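Q: Sharing a structure, written as structure tokens. Questions coming.
The values are calculated or read from the model by the stated rules, or taken from the named source; none is laboratory data. As the structure is a computational prediction, the values presented were derived from the model and not from experiment. All Cβ positions, glycine included, derive from the backbone under ideal geometry; neighbour counts span all protein chains shown. What goes into the accessible areas is simple: the full protein's heavy atoms, side chains included, and nothing from ligands, DNA or RNA. Shrake-Rupley method; radii C 1.70, N 1.55, O 1.52, S 1.80 Å.
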Amino acid sequence: MSDLLSHHPVTDLVPEGHYGPDAAQPGLTAQVVDGLALATVAARKGASGALAQAVLDAFGIALVDAPKVSFLGDLSFIGTAPGRWLATAGGAPAAHVARLQGALADAAALTDQSDGSLIIDVYGPKARMALAKLVPLDLHPAVFAPGDAAATAAALIPLVVWQLNDMPAYRFAVPRSFAPAFLRALVSGAAEFGVTVSGTARG
Amino acid sequence: MTRFVDGGLIDRTRPLAFTFDGQAYRGFAGDTLASALTANGVRLIGRSFKYHRPRGLFSAGSDEPNALVELRTGARREPNTRATTVELYDGLDAASQNRWPSLDFDLQAAGGLFAPLLGAGFYYKTFMWPAALWEKLYEPVIRRAAGLGRAAEAPDPDAYEKAYAFCDVLVIGGGAAGLMAALTAGRSGARVILVDEDFRLGGRILSEREEIDDAPSLQFVARAEAELAAMPEVRVMRRTTVFGVYDGGTYGALERVGDHLPVPAPFTPRQRYWKIVARRAVLCAGAGDRPIVFGGNDRPGVMSAQALRSYAVRYAAAAGSPAVVFANNGYAWSAAFDAAAAGVPIAAIVDVRAEPPPVQMERANRRGIRVIAGGEVIATSGKLLSSVTVRARGRTETIAAQILAVSGGSSPTLALTSHFGGKPVYRADIAGFVPGVLPPGLSVAGAAAGEYSLARCLAAGAARGAEAANDLGFTARATPVPQAQDKPITVSPFWHVAQSRGLAFVDLQNDVTAKDIAIAHQEGFRAVELLKRYTTLGMATDQGRTSNVNGLAMMAALTGQDIETTGTTLFRPPFTPVAIGAIAGHHREKDFRATRPTPTHAWARAQGATFVEAGLWLRAQYFPRAGEADWLETVKREVTATRASVGLIDVSTFGKIDLQGPDVGRFLDRVYINTFSTLAVGKVRYGVMLREDGMVMDDGTTARLADTHYLMTTTTANAAKVYQHLEFCLQVLWPDLDVQIASVSEQWAQVSIAGPRARDVLARIADAPLDVSNAGLPYMGVAQGSVMGGIAARIFRVSFSGELGYEIAVPARHGAPLARALMEAGAPFDITPYGTEALGVMRIEKGHVSGNELNGQTSVADLGLGRMASTKKDHIGRVLSERPAFRDPDRPTLVGFKPVDPKDRLRAGAHFLRHGRSAVLANDEGYMTSVAFSPTLGHWIGLGLLARGPERIGETVRAYDPVRGADIPVEICRPGFVDPEGERLRV
Amino acid sequence: MRIPCPYCGLRDAHEFSYLGDAAPQRPDPAAPDAADAFHDYVYLRDNPAGPMRELWYHGAGCRRWLVVDRDTRTHAILGTAFATEARS
Ligand SMILES: [Zn+2]
């Protein structure tokens, strides 16, 4: 094992800082994103059409039933399974769930997941190369582009990933208890390119 | 004669110092360890596996059978590396292996001491002897005598990693064919990965003096490399070996990222294990020179003809002079001519063919090289080769030579093509095997397909590359192809000089001789698969790349069959050895698998907790305090404090599944043995679920939060399994049910408080209007509200410990604050954090079943829960749980145990025997599943499964534990040692 | 081996867990021969060399149960469908 993280508790998030060769520009950044509320939206039996209509009516979003991101403003629906999405938005969890509940309760089951996952953004010019060591997906821009999403497992950690832009920037929803292991795996592979970790200092 | 004054693809401005067996040498950048040793005149490099025979280099590539060496020292020591593939670096420290006391003088080689022991079938024959001798005598002797290098004894200090790559066309091998395949596919816009095991692209071009498009062929390589580098969708991976072909176009490859450096560059691994997913692949792995079997063919100095050429042309080196060439084919002649041109004196070309093609004869004449046609090498001499004895046309002659360059023809490097079971096919015209049925999506080009001339390699590479790209919808053109020589292959099958002197080796790495083949034939092990296992032919790390064909050709000759009928064995992954560290990658030591901390982990750590693994989770096991002698004392204190006042434990690891929809009640009725559709909103019920075979799968409590909204808890161990089971039921068994489930295990932190003062503590953190009074929140009730001034919470009045208890769930980020708030609120009551040990003690005192009892072999009746099952409905596992065997009263059934002598310690795993019965399986009546020292009762207690247990309360039996030497009388009692009526729960 | 999930696309087989033959249907528990029928349902399996319809769970992806047509001799995947649709 490299010495990089060997003295750091496996139960804690990787501390903030730069890992890898000194460089003016880090190859990538891994940033824990605060203040995002999450909820599972699962269509009721036979209510896919009604749900899509309700999402369109309430939020002006054309919901796609595929591993894609459907979004408007800061409200995004990330497809994770047939008839199932992870809905993310800024703000407080309760408000997020209430807003979805108000519009979609007849057509979908809603479950607050704001504390279930840590949101980690990975971005930078070397993000794709670093993620090739972690994510078993083809992230080539012709195959996985902004707006694409996937539920998969990286380093035996179940997660959802979607691409935000072609910087490239990827957003990961990692189950809370797996977040330390995810960051360890990410940083140990990404250090070669220089990786800056931020947002891990609190709690 | 060592290093030539000029020539070679070495950088003479960059000298490198290295040592071999402690002796200092110098080489140049561009050398391999093998070429640098050659340039230093080192000819003895190792000792053979079984017989400890002195050995030198046979090849110049990854098919090297002899020159296995140890690299580096200390923790980085790496055994069994092929000197021919080790890229030289400054400070390289290499050592020979399998010799004692020294490479030059090996004691075990003296007189071939063990040779009689180690012939064909020696494993089988040796095992026939008295078994008693095996451990004491044979194994130690054989282990010392036969072996490879030594593994490092310290942990490997370097990092390894895994990576994924995806492409349209994977090209394996960067020689003439591979370069053309990559260029052709790349030019069409396809995503191409070109992989080569060498540190330099070019394959055999690097070692041959050929022309392409009327210019030195190296210029072609340079142009191709530059063009490939400029293509954005092409990736070239040097120092990378594709070692396996797997289903679905998946290829395993090992990249040696830092093996050519003293230590890997900062933040980079030593090796990287690639999983490459390719829609098409083109194998351009070339071919290797095959030895000829004759007496003394393993002497240091005997090498392949292509190795002689490679050392001379690519590395400008030869380990001696002059060379004699012994061959049956024209390709070996061109090797001799190239070597001669590079500066190696060729004393003679001995060809088994009586009349070699006139063109070659003429070329030899022009170079003044003597040809002995119709000749055979029948002996060699010298510890290091000093002369060869040749017999031709009835005359015998001894020729002084330090190098004997041998070629029995070429063997296409086709191992990867048989990883899917494709049998190589014999082609008589080239006297070699070519790929048979190919893995899906893989094609073969160039020498690997038996297309040997440079022109054909270039053309075939272009053609296969274009076909692969066109198959995928790209538009690729296979022309124009650069021009090169297209000399036909001339080979006359020849395997074995039968009349020769001395041991004639077939498999150099595993020390299999011609005699061993004959023994196998004589003893009836004639089928190739039997031949292989009986003689170990081809079973070494090189999988017989240089030996298989000769071995089976010789067997064919012995049996009188042709080679086609004799057939060949298959190759399996890995093509070359892969270090275990590379396979593990990042997953080692602390990162062997993910560690999942609970939401209160950091808080518990600050409290001095000792942690225990529960699956991937780390849970607080107990909270030791200064002055406590051992964990038992700590646990006693935790239990006593909880039962006396109040204790606290994190139970967030339980699985939590949110169920919504109009059909949840019906669904749960089918999943659990008991009824949930009738559960009132605001209530919690304990449920047991079965597997369809009738055995208990899991248990836990499920709450009804609203009319169409339930929350299920599972055990920690079965969280994922139960979720998968529920999805199975909903998607496969009953897709008509309108139920949506979601795992909320990570969303909610859950802390349990238990003890007579639990309500007092809870009341202090509950926000109005949450009513936690006995009336407001009765036993088995659930309330939703907020705590700690506005944190949303669910409060379940349930208990595992048997005390008044609550489980308080808050969003996970508030888990640690909740624990702190409870500690503060509980301070007046001396609230005590406890761990899984104390929890375990209390549940055994209470008689609750847990993982030890829910072991997949118990029914609800076995666990005393049979009456829970509803008889009014079907549920999973009902039908088979009513099988007669499940109703057998002799089935071991859950009861409690206490030692007759209160001082005795109970042991889980002890078996129950009636008094007076002998300790044999027939008398076994069951076993102890869980034990604990009960601080409440002051003695050990246990739970166990005993035949007819419930009928035998008050009886005593033996608890027999031969493993730990215990045999004590125990009294059978009801499970439930503390508050059996459950009065404490309801106050 | 790679399995084309109808939702997630082509994924490595490591993301899936295998259950077995998709053919057995849970018998009617109220039928008079339920005991025998359940015995067969739980324990009796064919082991064909060739194409077979199997249940796989995409546990590390969309968590859908799939019916996968696989040739047991070659691991060739001939088709996949959601179990909810393939069996109804
Ligand atoms: Zn899927």
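Q: According to the Kirkwood expression over distinct Cα-Cα pairs, how big is the hydrodynamic radius of segment B:832-987, in Å?
A: Computed over segment B:832-987, the radius equals 16.4 Å.
Q: Tell me, what is the Rg over Rh of chain B, with Rh the Kirkwood radius over Cα pairs?
A: Radius of gyration relative to Kirkwood radius: 1.11.
Q: Let me ask something else about it. Just the accessible area per residue of chain B, please: how many Å² with a 1.4 Å probe?
A: Working: 37180 Å² over 987 residues.
Dividing the accessible area of chain B by its residue count gives 38 Å².
Q: Please report, to two decimal places, log10 I(q)/I(0) for chain A at q = 0.08, 0.19 Å⁻¹ as given by the Debye formula with identical point scatterers on the Cα atoms and no solvent.
A: Each listed q corresponds, in turn, to -0.28, -1.30.
Q: Further question on the same structure: Starting from the amide H of B:Leu404, placed 1.01 Å from N in the peptide plane, find each other amide H under 5 Å away whose residue is 5 or more places distant or on another chain.
A: Long-range HN contacts for B:Leu404: B:Val302, B:Met303, B:Val324.
Q: Kirkwood hydrodynamic radius, segment B:757-856, all distinct C-alpha pairs: what's the number in Å?
A: The Cα-based Kirkwood calculation yields 14.6 Å.
Q: Something else now. Any idea what diffusion coefficient segment B:272-384 gets from Stokes-Einstein, in µm²/s, Kirkwood Rh on alpha carbon pairs, 37 °C, 0.692 mPa s?
A: Diffusion coefficient, whole number: 210 µm²/s.
Q: A further question follows. In square angstrom and rounded to 100, what buried accessible area do you get between chains A and B, total over both, with the probe at 1.4 Å?
A: 3800
Q: Once amide H atoms are built 1.01 Å from N in the peptide plane, which residues 5 or more positions from C:Ala22, or in another chain, come under 5 Å H to H?
A: C:Arg53, C:Glu54, C:Leu55
Q: Write out the trypsin sites (Lys or Arg not before Pro) in segment B:385-467 meeting two conditions: DSSP loop, and at most 11 other Cβ atoms within 10 Å of their Cβ.
A: Within segment B:385-467, the qualifying trypsin sites (Lys or Arg not before Pro) (loop, at most 11 other Cβ atoms within 10 Å) are B:Arg393.
Q: In terms of solvent-accessible area of protein heavy atoms at a 1.4 angstrom probe, what is the ranking of B:Asp658, A:Asp57, B:Asp562, highest value first?
A: A:Asp57, B:Asp562, B:Asp658
Q: Taking amide H positions as placed 1.01 Å from N in the peptide plane, with prolines and chain starts having none, which residues 5 or more places from B:Ala285, or on another chain, fall under 5 Å of its amide H?
A: Long-range HN contacts for B:Ala285: B:Ala445, B:Ala448.
Q: Something else about it: Of all beta bridges DSSP finds with both residues in the protein assembly as shown, what is the antiparallel percent, to the nearest 5?
A: 80
Q: Would you mind computing Rg(Cα) / (2.2 N^0.38 Å) for segment A:36-112, counting N as its residues?
A: After normalising by residue count via 2.2 N^0.38 Å, the value is 0.94.
Q: Hey, could you get me the Stokes-Einstein D for segment B:333-437, Kirkwood radius over alpha-carbon pairs, 4 °C and 1.567 mPa s, rounded to whole µm² s⁻¹?
A: Working: Rh = 16.0 Å.
D, rounded to a whole number, is 81 µm²/s.
Q: Write down the Kirkwood hydrodynamic radius of segment B:867-927, to one decimal in angstroms, obtained as one divided by the mean of 1/r over all alpha carbon pairs.
A: When all Cα pairs of segment B:867-927 are included, the Kirkwood radius is 15.0 Å.
Q: Using a 10 Å cut-off around each Cβ of peptide B:744-755, what is the average number of partner chain Cβ atoms that fall inside? Walk me through the numbers on the way to the answer.
A: Numbers: counts 6, 4, 11, 12, 3, 2, 0, 0, 0, 0, 0, 0.
Counting Cβ atoms of other protein chains within 10 Å of each residue's Cβ and averaging gives 3.
Q: Peptide A:145-156: average number of partner chain Cβ atoms within 10 Å per residue? Display every interim value, and only then the final one.
A: Details: counts 0, 0, 0, 0, 1, 5, 10, 8, 7, 2, 7, 6.
Mean inter-chain Cβ contacts per residue within 10 Å come to 4.
Q: Compute the separation of the alpha-carbon centres of segment B:847-922 and segment A:87-120 and state it in Å as a whole number.
A: 45
Q: In whole angstrom, and with the biggest value first, how far do the Cα coordinates of the protein assembly as shown range along each principal axis?
A: Computed over the Cα atoms, the extents are 113, 81, 66 Å.
Q: Here is a follow-up. Hey, any idea what % of the protein assembly as shown's accessible area is carbon plus sulfur with a 1.4 Å probe?
A: Using a 1.4 Å probe with all protein chains present, the protein assembly as shown comes out at 54 percent carbon and sulfur.
Q: Above 24 angstrom, tally the Cα pairs of segment B:888-980 and express them as a % of all pairs, no decimals.
A: 11
Q: Straight-line reach from B:Lys903: which lysines have Cα under 28 Å away, leaving out those fewer than 8 places along the same chain?
A: Within reach: B:Lys636, B:Lys846.
Q: Keeping all protein chains in place and using 1.4 angstrom, which order do C:Leu10, A:Leu36, B:Leu921 fall into by accessible surface area, from largest down?
A: The ranking, largest first, comes out as B:Leu921, C:Leu10, A:Leu36.
Q: List the GluC sites (Glu not before Pro) in segment B:908-987 that DSSP assigns to loop (not H, G, I, E or B) and whose Cβ has at most 10 other Cβ atoms within 10 Å. Which are they?
A: Within segment B:908-987, the qualifying GluC sites (Glu not before Pro) (loop, at most 10 other Cβ atoms within 10 Å) are B:Glu981.
Q: Counting only protein heavy atoms and rolling a 1.4 Å probe, how much accessible area do C and B lose on contact, total for both sides, in Å² to 100?
A: For chain C against chain B, roughly 2100 Å² becomes buried.
Q: Let me ask something additional. Please report the orientation-averaged projected area of segment B:655-743, defined via the convex hull of its C-alpha atoms, in nm².
A: Details: hull surface 19.7 nm².
Average projection, Cα convex hull of segment B:655-743: 4.9 nm².
Q: Heads up, I need the accessible area for B:Ser850: 1.4 angstrom probe, whole protein in place, Å², nearest 10.
A: 40
Q: Taking beta carbons within 10 Å but only from partner chains, what does the mean come to for residues B:732-738?
A: 5
Q: Moving on to the next point. Mind grabbing the base-10 log of I(q)/I(0) for chain C at q = 0.12, 0.15, 0.23, 0.26 Å⁻¹? Debye formula, identical points on the C-alpha positions, no solvent, two decimal places.
A: Here the Debye-derived log intensity ratios amount to -0.40, -0.59, -1.10, -1.27.
Q: While we're on this one: Are there any trypsin sites (Lys or Arg not before Pro) in segment B:677-708 that are in a DSSP loop and have at most 16 other Cβ atoms within 10 Å? List them by number.
A: Answer in residue order: B:Arg691.
Q: Let me ask something additional. For B:Lys683, which lysines qualify as cross-link partners when the Cα separation must be under 19 Å and same-chain residues fewer than eight apart are set aside?
A: Output for B:Lys683: B:Lys656.
Q: Out of all DSSP beta bridges in chain B, what portion is antiparallel? Express it as a percent rounded to 5. Can you show the working numbers first?
A: Working: 132 of 179 bridges.
Around 75 percent antiparallel, to the nearest 5.
Q: Give me log10 I(q)/I(0) at q = 0.13, 0.14, 0.16, 0.20 Å⁻¹ for segment B:506-590, Debye formula, one equal scatterer per alpha-carbon, no solvent.
A: -0.45, -0.50, -0.60, -0.82
Q: Note every residue of segment B:642-690 with a reduction of at least 50 square angstrom in accessible area, all protein chains present versus the isolated chain, computed with a 1.4 Å probe, or write none.
A: The answer is B:Gln660.
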